[in-house]
Amino acid sequence: MVELQKQFFFEGYVQIHMEPNSDYEKLCSLRKSNYLTEEKVKAHRDWIQVYDSTYDFSYDSVLDNDILLRILHSQQIPQFINELVGGEMLLGDLVYRKTFKSTSYMDWHRDTYLDKNGNLVGRTPPLVKMAYYPVNNGISTVQLKIIPRTHNRFIGNYYLDKIQTLLPTKLSINSSDDSLVIFNSAIYHSAGSDAGSMGAERIIYNFCSPGQIQTFEKRKELNERYIAFAK
């Protein structure tokens, strides 16, 4: 764990593997039941469009499918996250998303940053994100790009800070059925652009400090279920 802690602090991300178990199989079953074309996703009541050709599982659908939470506990993710960051973390939100875009639906950005007027935008401390990018159509494709170490490298001017996205030191994260990526959300990152005809999936978990949980008031039931599963 010490080496992972060092990597997370210095590089801003780590990757870990999922262990096969019954909850992992149930998560795969949920994914298979939602293996739909964009036309069918558009017409499906469980999915809500959030960006161009990009859709999120509705909040009610997330609550109706508690495997999305159970998988965290059966994989011992809460304990791992807490140890990784050196303190208690809670689940603020989770997003089950499908995108059919051939270009990135979210280009280079930080979730916490200084805007053009020097105002702080986003949550502080930055959220810790964990993302699962399963393989679709049997082909592993790039689903996330990050620029390591930029979570610790801020330039006070919005435009000058953006120059860092031109750096060649970018890391590509490919889809994988048994791999998770955990990263500091203040790091420069962008969504992958290789969706394919059946779309690309991601399940994104946003972890926050206990003092930030009230900023997720609309996800209160999800927060409480996360805590209850840990008991």
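Give, to the nearest whole percent, the P(r) tail of region 81-139 beyond 12 angstrom, counting all Cα pairs.
Numbers: 1369 of 1711 pairs.
Roughly 80 percent, rounded to a whole number.
I need the peptides 66-77, 118-129 ranked by packing, meaning the mean over residues of other C-beta atoms within 10 angstrom, with the highest value on top.
Numbers: 66-77: 18.0, 118-129: 15.2.
In descending order of packing, they fall as 66-77, 118-129.
How large is the helix-only mean residue ellipticity at 222 nm for the chain, computed as the sum of -39500 (n - 2.57) over DSSP H runs with n ≥ 4, divided by its residue count, in deg cm²/dmol to the nearest 500? Each step should come with its number before you reach the end.
Values: 8 runs with 66 residues, N = 231.
It comes out at -8000 deg cm²/dmol, rounded to the nearest 500.
Under a cut-off of 15 Å between alpha-carbon atoms, report the aspartates and glutamates in cross-link reach of K101, not counting same-chain residues fewer than 8 places apart.
Hits, sequence-local ones excluded: E38, E39, D52, D56, D194, E201.
Given 5 Å bins starting at zero, what is the percent of C-alpha pairs of the chain in each, up to the one with the largest pair distance?
1, 6, 14, 18, 20, 19, 13, 6, 2, 0, 0
Per 5 Å bin from zero, what fraction in whole % of the C-alpha pairs of region 1-138 is there, up to the bin with the longest pair?
Reading upward from the zero bin: 2, 7, 14, 18, 18, 18, 14, 6, 2, 0, 0.
Within region 1-63, list the trypsin sites (Lys or Arg not before Pro) lying in a DSSP loop whose Cβ has at most 12 other Cβ atoms in a 10 Å radius. Could the numbers behind the result be given before it?
Working: sites: K6, K26, R31, K32, K40, K42, R45; in loops: R45.
Of the trypsin sites (Lys or Arg not before Pro), the ones in loops of region 1-63 whose Cβ has at most 12 other Cβ atoms within 10 Å are R45.
For region 130-177, place one equal point scatterer on every Cα, skip the solvent, and apply the Debye formula. What is log10 of I(q)/I(0) at q = 0.21, 0.22 Å⁻¹?
Values, matching the q order: -0.77, -0.80.
Which loop chymotrypsin sites (Phe, Trp or Tyr not before Pro) in region 1-103, with loop taken from DSSP, have no more than 15 other Cβ atoms within 10 angstrom of their Cβ? All intermediate terms of the calculation are to be shown ahead of the outcome.
On the way: sites: F8, F9, F10, Y13, Y24, Y35, W47, Y51, Y55, F57, Y59, F80, Y96, F100; in loops: Y35, F100.
Answer in residue order: Y35.
Relative contact order of the chain, please, whole-number percent, based on alpha carbon pairs below 8 angstrom and at least 6 residues apart. Provide the component values of the computation, followed by the final result.
Numbers: 405 pairs, mean separation 71.4, N = 231.
Over the chain, the number comes to 31 percent.
Any read-out appearing in this document is the output of simple, stated calculations on the displayed coordinates, not a laboratory observation. It should be emphasised that the depicted structure is a prediction, and the values quoted were computed from it without experimental measurement. Neighbour counts are summed over all protein chains in view; Cβ atoms, including those assigned to glycine, are modelled from backbone coordinates with ideal geometry.
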